[in-house]
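Okay, so here's the structure we're looking at.
Taken together, the values in this text are just the output of simple stated rules run on the coordinates, not laboratory data. Source: prediction; values computed, not measured. We place every Cβ from the backbone using ideal geometry, glycine too, and count neighbours over all the protein chains shown.
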Amino acid sequence: MASRLIEAADCVLVAVDVQRGFLDRVEAERAAGFLDRIAFLAASAHAAGVAGLATVETPEQWGGLHPDLAGALAGWPVLRKEVFGLADDPVVWPALSATGRGTVVLVGLETDVCVAHSALGLLDRGLRVVCVEDAVLSPGAAHEAGLARMRAAGVATLLTKQLHYEWLRTVAAAKAFGAANPGLAERLGVTL
């Protein structure tokens with residue numbers, strides 16, 4: 001039986017369509033700290049040996065990868081996505097599959113469409129899917145509707161803090177992360 005905890009060695013973190021055009025549609029209060037949480041998870045992923053990639057949808061319309069994440073996601077492939085769901089995209093799916101990871105962790109925009117379509121399609125391909133619910137967004141009621149649909153299908157949902165500690169797993173690893181990233185959690189508004 002597979003572990004119920006999220007195993008870092010089996011994960012790929014995917015930042016779905018974190019683009020200014022999509023983020024600008026979300027209410028400011030709801031969007032507060034969103035980019036910071038993704039940056040924090042990218043640092044956690046790096047510390048835990050988690051693979052990562054990002055997608056952008058129609059960048060000529062919605063913009064490229066949000067510039068505030070350029071440093072945090074440095075070294076990750078940024079792939080143009082033409083299909084809402086990652087599992088059906090002819091460029092993204094092969095790149096995702098090539099990581100060899102069996103657990104896909106989703107963050108990004110928008111919860112009810114691209115994130116939900118990706119989650120459902122990846123489940124259909126036999127992968128374990130995790131959605132970080134405080135690191136995905138949609139405007140209005142669409143956010144909760146997207147989360148509810150994913151949960152009903154069997155997608156695990158958790159918060160940034162939960163995933164951070166599941167990836168690091170030990171007190172020693174958590175202390176090492178803090179020493180390597182002094183004040184990162186506080187600067188980014190992530191409560192640990």
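Tabulated results
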item	result
Efficiency of FRET from Cβ geometry, residue 144 and residue 124, R₀ 25 Å, rounded to 0.05	0.60
The range 1-72: translational diffusion in µm²/s, Stokes-Einstein, Kirkwood Rh over Cα pairs, 4 °C, 1.567 mPa s	96 µm²/s
Net charge dipole size for the chain [Lys, Arg +1 and Asp, Glu -1 on Cβ; Debye, nearest 20]	600 debye
Solution diffusion estimate, µm²/s, Stokes-Einstein, the chain, Kirkwood Rh from C-alpha pairs, 4 °C, viscosity 1.567 mPa s	79 µm²/s
Tensor-based shape of the range 70-138 (alpha-carbon gyration tensor, a/c under 1.5 rounded, otherwise prolate or oblate)	rounded
Farthest positive-ward along the range 8-179 dipole, Cα basis, beta-carbon charges - from 168, 76, 87	168
Other-chain or far-sequence residues with amide H under 5 Å of residue 131's (modelled H)	106, 156, 157, 158
Length gained when the stretch residue 24-residue 68 is fully extended (0.36 nm per residue, less Cα-Cα span)	14.5 nm
Gain in span if fully extended, residue 78 to residue 175, counting 0.36 nm per residue against the direct Cα distance	31.9 nm
